[in-house]
Amino acid sequence: MSAGTWQLGDVTVNRMGFGAMRITANPDRSVAIQVLRRAVELGVNHIDTAAFYASPGGTLRVGEGEKRYANELIRAALAPYPDDLVITTKVGPGEDAERGFYNATTAAELREQVETNLRQLGVDALDVVNLRIMKKPGEDSIAERFGWLAALRDEGLIRQLGVSNVRLDHVEEAHAIAPVVCVQNSYSVDQRGEEDATIAYCAERDIAYVPFFAIAGASREGGATTDHSAAVEKVAATHKVTPQQVRLAWTLHHSPNILAIPGTGNPAHLEENIAAGSLQLSPEDLATLS
């Protein structure tokens with residue numbers, strides 16, 4: 001795959017991966033399975049998912065009829081899994097019949113979420129588990145929760161650990177407890193916040209930085225944005241590609257430790273996303289986008 005590779009802890013992955021959040025939004029289950037299989041055919045060997053990714057729209061909403069879970073679609077499409085496939089999931093948010101959508105605050109709740117992922121994916125151990133938190137402005141610690149996951153790793157239920165939706169001090173806190181192989185935060189060409197310091201910290205320590213909403217930008221869970229900056233539109237016109245492809249290419253060019261995980265339930269969009277990995281941006285392009 002032309003986007004290159006990254007050593008994600010003890011495994012090598014292609015830098016262009018696939019995010020499963022939106023796969024459940026496709027009303028045709030057979031097409032969703034087709035998209036997953038085609039992604040692997042095109043060289044994807046890193047899939048990002050979560051037990052709480054469910055239809056409609058890729059985000060769990062309790063009480064809205066029959067749901068399709070991303071993990072179960074992944075299992076139906078790809079099991080038995082290719083030897084080189086890495087499935088990264090996340091815990092923290094969860095679903096409960098009584099409480100609906102909730103955030104795990106105890107060791108028992110995190111264990112239950114890990115076991116749900118194991119069951120849905122049909123594996124004995126999870127390749128990578130990210131602790132996803134509800135980030136607060138400079139006041140919360142993740143040490144206790146990350147320590148509980150580290151204990152599950154020591155039990156053999158998890159192979160490697162990461163963190164999601166975190167501040168830089170959270171990354172430092174977690175990395176002091178157990179090796180962090182990836183950090184997953186919101187980041188895009190036009191929605192950067194204060195993430196460049198976190199990206200640099202991760203790069204210095206060979207930690208992958210995995211941005212979500214690289215295509216969606218400010219639209220976030222709403223899907224791919226149509227509100228592109230003039231700079232993105234200009235570079236897209238120069239290369240005769242879509243603005244979404246420029247956004248992905250910029251993400252990969254920005255730092256070698258960045259892994260892209262664009263998600264879609266549309267076969268054509270999948271092909272476009274993968275093709276963005278071979279889009280070469282010139283220094284002039286990057287200066288325009290900066």
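The values are calculated or read from the model by the stated rules, or taken from the named source; none is laboratory data. These numbers were taken from a predicted model, which means no experiment stands behind them. Neighbour counts are summed over all protein chains in view; Cβ atoms, including those assigned to glycine, are modelled from backbone coordinates with ideal geometry.
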Handout entry: Matching residues in region 27-41 - criterion: being closer than 15 Å to Glu271 by Cβ and either among the polar types (S, T, N, Q) or in contact with a His (Cβ under 6 Å, 6 or more places away or on another chain) (or both)
Key = Gln34
Handout entry: Val163 vs. criteria buried (at least 19 other Cβ atoms within 10 Å of the Cβ), in contact (Cβ under 8 Å) with a residue 24 or more places away in the chain and touching a helix residue (DSSP H, G or I) at 6+ places or on another chain (Cβ under 7 Å)
Key = yes
Fill in the blank from the handout: Among the residues of region 123-142, the number that are surrounded by 14 or more Cβ atoms within 10 Å (Cβ to Cβ), over 20 Å from the mean Cα position of the chain (by Cα) and not charged (D, E, K, R) is 0
Completion exercise
Restricted to region 104-149 and to residues being among the basic types (Lys, Arg) and at pLDDT 95 or above, the residue farthest from Thr89 (Cα to Cα) is Arg145
Practice task
Give just the number: which of (1) modelled with pLDDT of 95 or more; (2) among the aromatic types (Phe, Trp, Tyr); (3) within 21 Å of Phe101 (Cα to Cα) does Tyr53 not satisfy?
Solution key: (1)
Handout entry: The lone exception for Leu110 - which of (1) without any contact (Cβ under 8 Å) to a residue 40 or more places away in the chain; (2) over 19 Å from Arg68 (Cα atoms); (3) assigned to a helix (DSSP H, G or I) it fails
Key = (1)
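Of all residues being more than 21 Å from Asp48 (Cβ to Cβ) and not in a loop (DSSP other than H, G, I, E, B) in region 90-103, which is modelled with the highest pLDDT? Just the residue, please.
In this case the residue turns out to be Tyr102.
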Exercise for the section: Scan region 240-258 residue by residue and report those that are touching a helix residue (DSSP H, G or I) at 6+ places or on another chain (Cβ under 8 Å) and not in a helix (DSSP H, G or I). Expected result: Val241, Thr242, Ser255, Pro256, Asn257, Ile258
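For (1) closer than 20 Å to Met16 by Cα; (2) modelled with pLDDT of 90 or more, each residue gets a yes or a no:
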| site | (1), (2) |
| --- | --- |
| Ala214 | yes, no |
| Ala231 | no, no |
| Thr251 | yes, yes |
| His254 | yes, yes |
| Glu271 | yes, yes |
| Gly277 | yes, yes |
Problem - Pairs, first within 14 Å of Ser229 (Cβ to Cβ) in region 279-290, second of a type in the set (D, E, K, R) and surrounded by fewer than 19 Cβ atoms within 10 Å (Cβ to Cβ), C-beta under 8 Å, six or more apart - result: Thr288/Lys234
